[in-house]
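**Student:** Below you'll find the structure I mean.
The values are calculated or read from the model by the stated rules, or taken from the named source; none is laboratory data. What you are looking at is a predicted structure, and each value in this text was computed from that prediction instead of being measured. Ideal geometry is used to build each Cβ from the backbone, glycine not excepted, and the neighbour counts take in all protein chains shown.
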Amino acid sequence: MQPATAPFHASLAGFDGAAEALWLEAQDGVRLRAVLFRPTVARSGSTTGATPGTVLLFPGRTEYAEKYGHVAQALCAHGHHVLAIDWRGQGLADRLLPDPLIGHVAHFSDYQHDVAALRDAVRTLGLPEPLHMLAHSMGGCIGLRAAMDGLDIASCAFSGPMWGIRISAMMRPAAWAVAWGSRRVGLSHRLAPGTGAASYIAGAEFDDNTLTTDRAMWDYMRAQIDAVPEFGLAGPSMHWLHEALGECRALARRPSPALPCMTWVGGNERIVDVPRIHERMARWPGGSLETVPGAGHEVLMTDENTRTRILEACARHFADSARGLAA
């Protein structure tokens, strides 16, 4: 059965091809939203010399599919389909607490139900293979787990992946203790200490923001939140923090999957744990890591020249992986 149609704010996405939004249902009944961006050239018109497939786009915490319209534009120009997801608890997917602004998840493994629902949608929609994954921040944590557990992708690419959360060595034990203790006293649904009660994009100023140094991209993100306040998400719950810390620790103990991988991290990254990224990529056979000078957390939301270069490299990476799979 074809998924039901969901809202899609095309005018905010910056995508000039055909796109459609769909409601998906995870196996535990949570309603998710996916957006399918269709190729803007014929599949045979790819400039990479390989047969295009489908890119599974895994956004970060607080994000939603429309934010990646310009990313989809670049990949669809190479003949790919791009299928992006709104994770449970954010975007237009079901929110999980009475206060819809607090980011929350019952178990970090629940996000794998969302991955499974997205993979089922690929089959239902008859989207072309091979599959590739492009994952940012929290999506990188979810995506790494999925790849380790056998998600059938030909390659993966990560932007500022959340393989650890930036917390000072002095404060890390306290973060664990507060997150754990909140569960014992019935306060785990409250905001994690040091996080805001409103959307960061809606409340922060451009100067010295942690996301991007590009004013045009900042205004692009801000305009989306202003136009659709339902996209907004504030800080995470203490329960989410405990789950996220535990998942990052568990993933760090496992070997890297046998997949071609490219990763980018900003030179001015202040949200995720950069040493964890270096540690992971140092033990990813055939993987590559690039530090983007001066960039913040949103490497895919940098200045036009930089993001174009990164997305072209990503398209070549997917093409090389597809050719290797065919051989």
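**Student:** Going by what's in this entry, would SER321 be described as assigned to a helix (DSSP H, G or I) and of a type in the set (S, T, N, Q)?
**Tutor:** Spelling it out, SER321 is indeed assigned to a helix (DSSP H, G or I) and of a type in the set (S, T, N, Q).
**Student:** Residues in the range 265-283 that are in a loop (DSSP other than H, G, I, E, B) and surrounded by fewer than 17 Cβ atoms within 10 Å (Cβ to Cβ): how many?
**Tutor:** 4
**Student:** Can you name the helices (runs of 4 or more DSSP H) wholly within the range 189-264 that have at least 2 residues being farther than 19 Å from TYR68 by Cα?
**Tutor:** 238-252
**Student:** Could you tell me which numbered condition HIS107 fails, if it satisfies all but one of (1) in a loop (DSSP other than H, G, I, E, B); (2) buried (at least 19 other Cβ atoms within 10 Å of the Cβ); (3) not acidic (Asp, Glu)?
**Tutor:** That leaves (2) as the condition not met.
**Student:** If you check ILE142 against the conditions, is it modelled with pLDDT of 95 or more and in contact with a His (Cβ under 7 Å, 6 or more places away or on another chain)?
**Tutor:** no
**Student:** Does the range 269-281 contain any residue that is closer than 22 Å to CYS314 by Cα, of a type outside the set (D, E, K, R) and touching a Ser or Thr at 6+ places or on another chain (Cβ under 6 Å)?
**Tutor:** Scanning the range 269-281 turns up at least one residue that is closer than 22 Å to CYS314 by Cα, of a type outside the set (D, E, K, R) and touching a Ser or Thr at 6+ places or on another chain (Cβ under 6 Å).
**Student:** Since SER256 meets every condition but one in (1) in contact (Cβ under 8 Å) with a residue 24 or more places away in the chain; (2) surrounded by fewer than 22 Cβ atoms within 10 Å (Cβ to Cβ); (3) in contact with a strand residue (DSSP E or B) (Cβ under 8 Å, 6 or more places away or on another chain); (4) within 17 Å of HIS317 (Cβ to Cβ), which condition does it not meet?
**Tutor:** (3)
**Student:** Further question on the same structure: Out of the residues in the range 64-107 that are among the charged types (D, E, K, R), out of contact with any Gly (no Cβ under 7 Å at 6 or more places or on another chain) and closer than 23 Å to LEU245 by Cβ, which is modelled with the highest pLDDT?
**Tutor:** ARG88
**Student:** Somewhere in the range 60-68, is a residue outside any helix (DSSP H, G or I) and surrounded by fewer than 16 Cβ atoms within 10 Å (Cβ to Cβ)?
**Tutor:** no
**Student:** With (1) modelled with pLDDT of 95 or more; (2) over 16 Å from the mean Cα position of the chain (by Cα) as the list, and LEU311 as the residue in question, which single condition is left unmet?
**Tutor:** Here LEU311 clears every test but (2).
**Student:** Would it be correct to say that GLY286 is loosely packed, with under 15 Cβ neighbours inside 10 Å, free of Cβ contacts under 8 Å to residues at least 40 places away in the same chain and in a loop (DSSP other than H, G, I, E, B)?
**Tutor:** yes
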